[in-house]
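Notes follow once the structure below has been shown.
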Amino acid sequence: MSITALDRTRTSFVRSFSALPDDIAALAIEALVGLLKTPPPTRLRLHKLSGYKNPKVFTIDVTSNHSHKISLEIDGCVAILRKVGTHKEIDRAP
């Protein structure tokens with residue numbers, strides 16, 4: 001899977017990103033830059049969430065200890081950012 005652009009960021013992503021501590025926000029930006037690489041680094045653990053067919057929801061890890069994640073939709077080769085937060089927050093409402 002190849003992502004060529006990050007597009008149509010949802011308001012929920014902007015809100016959740018602005019609430020992050022500075023160190024986690026920097027790691028989130030680093031993860032998004034990595035998502036644009038072909039192939040994405042394995043450390044991001046890009047995977048589809050089961051139970052979401054339309055839209056298809058994916059997550060990537062922000063931190064190495066998997067405490068924070070980013071949820072996104074993939075439309076062709078474009079990623080639509082949904083939310084960033086703790087593992088628990090994303091699993092409850094991606």
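The values are calculated or read from the model by the stated rules, or taken from the named source; none is laboratory data. On a predicted model such as this, the values are computed, not experimentally measured, just so you know. As a convention, Cβ positions derive from the backbone with ideal geometry for all residues, glycine included, and neighbour counts pool all protein chains shown.
Asp23 satisfies every condition listed in (1) over 17 Å from Pro94 (Cβ atoms); (2) in contact with a strand residue (DSSP E or B) (Cβ under 9 Å, 6 or more places away or on another chain); (3) of a type in the set (D, E, K, R) except (2). Please go through the range 46-91 and give me each residue that is of a type in the set (D, E, K, R) and at pLDDT 90 or above, ordered by number. Hits for the range 46-91 are Lys48, Asp61, Lys69, Glu73, Arg82, Lys83, Lys88, Glu89.
Total residues in the range 73-94 satisfying the condition of being in a strand (DSSP E or B), small (Gly, Ala, Ser) and without any contact (Cβ under 8 Å) to a residue 60 or more places away in the chain: the figure is 0.
When Phe13 is tested against (1) of a type outside the set (D, E, K, R); (2) in contact with a Pro (Cβ under 8 Å, 6 or more places away or on another chain); (3) crowded, with 17+ Cβ neighbours inside 10 Å, only condition (2) is not met. Contact annotation: residue pairs with Cβ atoms under 9 Å, 6 or more positions apart or on different chains, pairing a residue in the range 38-53 that is in a strand (DSSP E or B) with a partner that is surrounded by 10 or more Cβ atoms within 10 Å (Cβ to Cβ) and of a type in the set (Gly, Ala, Ser), are Leu49/Ser71. Ile60 fulfils the conditions (1) among the aliphatic types (A, V, I, L, M); (2) under 16 Å from Thr9 (Cβ atoms); (3) over 10 Å from the mean Cα position of the chain (by Cα) except for a single criterion, (3).
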